[in-house]
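J.: Take a look at this one; I'll ask things after.
The values are calculated or read from the model by the stated rules, or taken from the named source; none is laboratory data. In this text the structure is predicted, and so the values were computed from the model without any measurement. Please note: Cβ atoms are built from the backbone with ideal geometry, for glycine as well, and neighbour counts cover all protein chains shown.
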Amino acid sequence: MSDGAAGPKTMTREDATFATLVRLAPSREDARPRRKVGLARRQLVQKAAFGLLWLSGIAAVAILLSVVGYVVVQGAKVLNWEFLTTPPAGGLSASDVGGMSTTIVSTVYLVFWTIVIAGPLGVMAAIYLVEYAEEMEGRTGLIPVLVSVVRFGVEILAGVPSIIFGLFGYALFVSATALGWSFSLRSAAVTGACLVLPVIIRASEEAIKAVPRSYREASLALGATKWQTAWKVVLPAAAPGIITGIVLSVGRVISETAVFFVTFGGTVRAPDSVFDLTSPGRSMALHVYYLAMETRAFDKAMGTGAVLILTIILINLLMNVVSRRLASKLKGR
Amino acid sequence: MKFEDVKLETKQYSLYYGDFQALRNVDIQIPRNAITAIIGPSGCGKSTFLRTFNRMNDLISGVRVDGEVTIDNNSVFRMDPVELRYCVGMVFQRPNPFPKSIFDNVAYGPRSQGVRDRAELAEIVERSLRGAVVWDEVKDELNKSALALSGGQQQRLCIARALAVEPDVILMDEPASALDPVATLKIEELIQQLKKEYTIIIVTHNMQQAARASDYTAFFMMAEDRAGYLVEHGRTDQIFTNPQEEITERYITGRFG
C-alpha cells in the first residue's frame with residue numbers, strides 16, 4: 001500500500017484511521033484488571049507436562065527401535081542370498097547348512113489363500129452391514145436382530161485370542177473326527193481367514209461409512225440400484241481404507257504363529273504349488289518358533305525374524321504409497 | 001391453481017417422520033415444461049416435498065406417507081423407484097460430482113441403465129454437457145477429475161449428469177445456494193433454457209431467484225405443530241405483486257422467516 005521508503009512521509013487515510021483506532025483503544029489505566037495470579041505456575045505445569053509427553057514419545061520409539069534393531073542386527077549375521085534360497089536342513093545345530101526358502105514360499109501361499117477367502121467375504125459383509133443393514137435399524141423383525149448379532153459377533157471375534165481360532169480350526173478342519181483335512185494349506189488358510197475376517201470387516205466398514213452420503217444420493221437419484229451404487233460409487237471411494245484393512249490382515253497372517261502351529265503342521269517342505277492345498281507347510285513365523293525352541297538355532301531364528309520384520313515394514317510402506325495414490329486420485333489431483 | 005397440462009400432482013399428500021408430521025394435506029398441480037419455484041421458511045418441508053417426486057424420502061427409515069402423488073397420472077408410489085428416477089432427475093444443494101472423471105460422471109446414469117457402446121456414450125456425454133452449457137469449458141479435459149472443476153462448473157456438470165438420463169422432470173434443491181453470484185446467474189440462465197424440454201421444480205431460499213427464474217411459485221409454511229402445508233400457489237408475478245394471503249405477503253417482503 002505504501003509508496004516505499006522514498007519521498008516525504010505523508011499521512012494516508014489508512015494512517016489516519018489507525019491513529020483514530022489507537023486513540024479509541026482503552027488506555028492501560030482503563031483496562032480491566034486481569035487475573036495474573038498463577039500464570040507462572042500454569043506455564044511451569046505446561047512445560048513439565050510437555051516434557052513428560054516428549055520423554056514418553058522418545059521412550060516408545062527407542063523401545064521399538066531396539067527390538068527391531070536387535071533382531072535385524074543379529075539376523076544380519078546369517079542373512080545372505082544363500083540363506084534366502086536354500087531350504088531348512090532341519091538339523092539340531094546352528095550349523096552353516098540350511099536356509100529358509102521353503103518357509104517364504106509357504107508363507108506366500110498361505111497369505112494368498114487367506115486373503116482370497118477373507119478379502120471378498122469381509123468386504124461384502126461390510127457393504128451389507130453399512131449399505132443394506134443400516135436402514136433396518138430401529139425396525140423390528142428378524143433381519144434387524146440378525147444384523148445386530150452379526151455386528152456384535154464381528155466385534156467379539158476381533159478380540160478373541162488367536163489360539164482360540166487355532167483350536168477351532170484344529171477341531172473343525174484338521175481333526176479326523178470332523179472334516180479331516182489334517183495339517184494342510186487349506187486347513188491353515190481357512191482358519192487364517194476366520195482370524196483376519198474381523199480385521200477386514202471393521203476396516204472396510206469404517207471406510208465405507210466415511211464415504212459421503214451425497215455420493216450415494218447422487219447415484220440413486222440417477223436411477224442406479226443400491227447394488228450399482230455400492231459397487232460403482234461407494235466401493236471405489238472406500239478403496240484406500242479397504243486396502244489398509246487388507247494389508248493389515250496380510251501382516252497379521254505373516255506374523256501369526258499360534259493359529260498355524262495347530263493347523264499348518266510344520267514340515268519344512270513347502271506345498272508343491274499354490275494349488276497344492278492338501279500339503280502341510282511351515283510359515284516364516286512358525287519357522288522362527290521351531291528354530292528357537294526346538295533346534296536351538298538362535299542365529300537362524302534371528303535371521304528369519306529379520307526377514308519377517310523387513311517384510312512387514314516393506315508391506316506397510318507399499319500400502320502407504322498405494323493408498324495415498326488412490327486417495328489423491330479420488331481428490332482429483 | 002389448476003392447469004390443463006399437468007405433469008405432477010399431489011392429492012391430500014402428507015408425510016410423517018415417525019410420529020412427527022412434516023407435510024400436511026398438500027394439493028398441488030405442477031404444469032409441464034414450466035418452472036415452479038417452491039419458497040418458504042426453513043423447516044417448512046420444502047426439500048422433503050421436493051424429494052417426494054423421486055422418492056428419495058424412501059431412503060430415510062421411519063418415513064410414512066399418506067395421500068396420492070402422480071406423474072402423468074400414474075402413482076409414483078406404485079412405480080419402481082429406480083424406474084421413477086429415470087423420469088425424474090435431481091440436482092442437489094451442494095455440487096456432488098463423483099470422484100471420477102468428467103466423462104464418467106455424465107456417463108454414469110446411462111451406464112447404470114446398461115448403455116455400453118462407447119460411441120453412443122460419447123454422444124450422450126457431449127449432448128448433456130452442451131445442454132448444461134458447460135461443454136465449451138470442459139471439452140478438452142473430459143478425462144480430468146470432476147473434483148478439479150470450480151463449484152459453478154461442478155453444479156452444471158451435475159445438471160448435465162441428470163440430463164444424460166433423459167428425464168422429463170428435474171428437481172432442484174437450492175441448486176445455487178453454494179455458488180457465487182456469477183455462477184448463480186449462469187445456473188439461472190441455464191434453467192430458463194431447460195424449461196423448453198423439461199418440467200422443473202426448484203426449491204429456493206432466495207426471493208429474487210424465485211421472482212426472476214420461475215413461472216409459478218408455491219409458498220409453503222409450517223403450522224403450529226411444525227407440519228408444512230401449502231399456503232398459496234400461483235403465477236410468480238401474481239404471488240410477488242398481489243398475494244392472496246397476508247402471510248405470503250409478510251414472507252416475501254421479508255417481515256419474517
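J.: Regarding B:Ile159, is this residue more than 11 Å from every other protein chain (Cβ to nearest Cβ), in contact with a strand residue (DSSP E or B) (Cβ under 6 Å, 6 or more places away or on another chain) and either closer than 26 Å to B:Gln192 by Cβ or at pLDDT below 90 (or both)?
T.: yes
J.: Can you tell me which residue within the stretch A:106-161, out of those that are assigned to a loop (DSSP other than H, G, I, E, B) and at pLDDT 80 or above, is farthest from A:Ala239 (Cα to Cα)?
T.: Checking each candidate, the answer is A:Pro161.
J.: Is it fair to say B:Leu171 is hydrophobic (A, V, I, L, M, F, W, C) and over 16 Å from A:Ser219 (Cβ atoms)?
T.: So B:Leu171 does not fit the description; no.
J.: Please verify whether A:Thr295 is among the hydroxyl-bearing types (Ser, Thr, Tyr) and surrounded by 20 or more Cβ atoms within 10 Å (Cβ to Cβ), treating the condition exactly as stated.
T.: no
J.: Let me ask another. Being under 21 Å from A:Ser323 (Cα atoms) and within 14 Å of chain B (Cβ to nearest Cβ) narrows it down to one residue among A:Val147, A:Val130, A:Val211; which is it? Quick ask: steps written out before the conclusion?
T.: On the way: A:Val147 fails: under 21 Å from A:Ser323 (Cα atoms); A:Val130 fails: under 21 Å from A:Ser323 (Cα atoms).
One residue alone meets the criteria, A:Val211.
J.: Go through the residues of the stretch B:114-130 one by one and say whether even a single one is in contact with a strand residue (DSSP E or B) (Cβ under 9 Å, 6 or more places away or on another chain) and within 14 Å of chain A (Cβ to nearest Cβ).
T.: no
J.: On to the next question. Looking at this structure, is A:Gly192 under 15 Å from A:Val259 (Cα atoms) and modelled with pLDDT of 90 or more?
T.: It is true that A:Gly192 is under 15 Å from A:Val259 (Cα atoms) and modelled with pLDDT of 90 or more.
J.: Taking the condition in contact (Cβ under 8 Å) with a residue 24 or more places away in the chain and within 14 Å of chain B (Cβ to nearest Cβ), does A:Leu326 pass? Steps first, please.
T.: Working: in contact (Cβ under 8 Å) with a residue 24 or more places away in the chain: yes; within 14 Å of chain B (Cβ to nearest Cβ): yes.
Spelling it out, A:Leu326 is indeed in contact (Cβ under 8 Å) with a residue 24 or more places away in the chain and within 14 Å of chain B (Cβ to nearest Cβ).
J.: Please go through the stretch B:158-185 and pick out each residue that is surrounded by 23 or more Cβ atoms within 10 Å (Cβ to Cβ) and assigned to a helix (DSSP H, G or I).
T.: B:Cys158, B:Ile159, B:Ala160, B:Arg161, B:Ala162, B:Leu163
J.: For the stretch B:28-63, give me each residue that is within 14 Å of another protein chain (Cβ to nearest Cβ), outside any helix (DSSP H, G or I) and in contact (Cβ under 8 Å) with a residue 40 or more places away in the chain.
T.: Listed by number, the residues that qualify are B:Arg51, B:Thr52, B:Phe53, B:Asn54, B:Ile60, B:Gly62, B:Val63.
J.: Then there's this: Do we have any residue at all in the stretch A:219-240 that's closer than 30 Å to A:Thr102 by Cα, within 17 Å of the chain's Cα centre (by Cα) and either assigned by TED's automatic domain parsing to the domain that holds A:Asn316 or surrounded by fewer than 19 Cβ atoms within 10 Å (Cβ to Cβ) (or both)?
T.: There is no residue in the stretch A:219-240 that is closer than 30 Å to A:Thr102 by Cα, within 17 Å of the chain's Cα centre (by Cα) and either assigned by TED's automatic domain parsing to the domain that holds A:Asn316 or surrounded by fewer than 19 Cβ atoms within 10 Å (Cβ to Cβ) (or both).
J.: Hey, can you tell me all the residues within the stretch B:204-244 that are acidic (Asp, Glu), in a loop (DSSP other than H, G, I, E, B) and modelled with pLDDT of 90 or more?
T.: Across the stretch B:204-244, the qualifying residue is only B:Asp215.
J.: Let me ask something else about it. Quick one: A:Glu205 ticks every box in (1) over 16 Å from A:Tyr132 (Cα atoms); (2) touching a helix residue (DSSP H, G or I) at 6+ places or on another chain (Cβ under 6 Å); (3) in a helix (DSSP H, G or I); (4) not hydrophobic (A, V, I, L, M, F, W, C) except a single one, so which number is it?
T.: (1)
J.: Ok, one more. Which condition does B:Thr36 not pass, out of (1) among the β-branched types (Val, Ile, Thr); (2) more than 29 Å from B:Thr236 (Cα to Cα); (3) under 14 Å from the mean Cα position of the chain (by Cα), if it passes all the others?
T.: (2)
J.: Answer yes if at least one residue in the stretch A:146-155 is within 22 Å of A:Ser279 (Cβ to Cβ) and small (Gly, Ala, Ser), and no otherwise.
T.: Let us first name the residues in the stretch A:146-155 that are within 22 Å of A:Ser279 (Cβ to Cβ), namely none.
No, the stretch A:146-155 contains no residue that is within 22 Å of A:Ser279 (Cβ to Cβ) and small (Gly, Ala, Ser).
J.: Restrict the check to the stretch A:260-276 and report whether at least one residue is assigned to a helix (DSSP H, G or I), more than 14 Å from every other protein chain (Cβ to nearest Cβ) and modelled with pLDDT under 90.
T.: So far as the stretch A:260-276 goes, yes, one or more of its residues are assigned to a helix (DSSP H, G or I), more than 14 Å from every other protein chain (Cβ to nearest Cβ) and modelled with pLDDT under 90.
J.: Checking A:Ala239 against (1) of a type in the set (Gly, Ala, Ser); (2) at pLDDT 80 or above; (3) under 22 Å from A:Trp181 (Cβ atoms), which test does it fail?
T.: (3)
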